[in-house]
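The values are calculated or read from the model by the stated rules, or taken from the named source; none is laboratory data. Here the structure is a predicted model, which means the values were calculated and not measured. Positions of Cβ are generated from backbone atoms using ideal geometry, with glycine treated the same way; all protein chains shown enter the neighbour counts. The protein model used for the area step is the full one, side chains on, heavy atoms only, and it has no ligands, DNA or RNA in it. Shrake-Rupley method; radii C 1.70, N 1.55, O 1.52, S 1.80 Å.
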Amino acid sequence: MGVPVSINSEGLQDREFSVDKPAGVYRIMMLGDSTTFGWGVKQEDTAAKLLERKLNADLPAGYNRVEVMNTGVGNYDTVQEVTYYETIGWKYHPDLVVLVFFINDPEPVPIEKKGFLIDRSYLVAFATNRIDGVLRHTGVRPDWKTYYASLYDDDRPRFQACKRALISLANSTRSHDAKLLVAILPELHQINGDSYPFKAAHQKIKDVMAAANMPVVELIDGLKDRGPEETLWVTALDDHPNAKANNLISDQLKQWILENTGNH
């Protein structure tokens, strides 16, 4: 996407972090997929790093520094994100875990297909992506609205696995004396006004978290009606959040954090 990517020794797009949390530090761990990783934006323009800078300029009461760890990995789903926290992430002793939930999180985990050209050729990868778009546009494959909505059918095993993972994360963070916040990131194609097509899907996730007595932030509230939707995308053909969108996301997270710190 034309921007530099820097990976630390733990495989994360971030600087190095000590496993032992320094005294006086409020540590936040952000779990997510490519939208959290920062596909198409510079590291300093990811929601995690914007949030870190904003909180260090307006510190939570009782702390002298804030660290925000970006553990987003492209194509991860909720099950994989929770597995990361429960096997590795908890060792960093975060005070707050923010799981950024995206509409495609109940997708089946893809099986890697090895192919010499698609692995090594920008042209073949580009063409494969464009062919997929044409097939969806012509109705040969489901359009994006139909496809995403179908992921939340109650009889889908991966949706049930997604819900179990969320409950597991709620229990795990409690056992580690960490707070949990689920921040639901909308699909950015159609968010303005009252037109968002996936309200029912979001509600199902909110119901799961309400049953676990865990908070949820609807990030669409701070993203919609800020100009045409495409002004929030990294490119006209890729609706990953750009720096503008990540700035709006970090504003909402900062507000929630400052309102809810000190309440373990």
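Mean-square fluctuations from a GNM of the chain, with a 10 angstrom spring cutoff on Cα atoms, peak among K254, K54, K224 at K54.
Where a ≥ b ≥ c are the square roots of the eigenvalues of the C-alpha gyration tensor, would you call region 143-204 rounded, which needs a/c under 1.5, or, failing that, prolate if a/b is larger than b/c, or oblate?
oblate
Accessible surface computed residue by residue for the chain, with neighbouring protein chains in place and a 1.4 Å probe, gives 49 Å² per residue. Legend: Rg and Dmax of region 1-114, from Cα coordinates, 14.5, 51 Å. Contact order, relative form, for region 166-264: 30 percent (alpha carbon pairs under 8 Å, 6 or more residues apart, mean separation divided by residue count).
Calculation over all alpha carbon pairs of region 60-105 in 5 angstrom steps from 0 returns a P(r) of 5, 17, 30, 21, 13, 8, 5, 1 percent. Across V79, V25, V68, mean-square fluctuation computed from a Gaussian network of the chain (C-alpha pairs under 10 Å connected) peaks at V25. Sites listed here are trypsin sites (Lys or Arg not before Pro) in region 8-53 whose DSSP assignment is loop and whose Cβ has at most 15 other Cβ atoms within 10 Å: R15, K42.
Find the relative contact order for the chain and round it to a whole percent, using C-alpha pairs within less than 8 Å whose residues are 6+ positions apart. It comes to 22 percent, rounded to a whole number.
The charge dipole of the chain, taken about its Cα centre with unit charges on the Cβ of Lys, Arg, Asp and Glu (plus for the first two, minus for the last two), comes to roughly 200 debye. Say the cut-off is 28 Å between C-alpha atoms; which of K21/K206; K145/K179; K42/K224 go over it? Exceeds cut-off: K21/K206; K145/K179.
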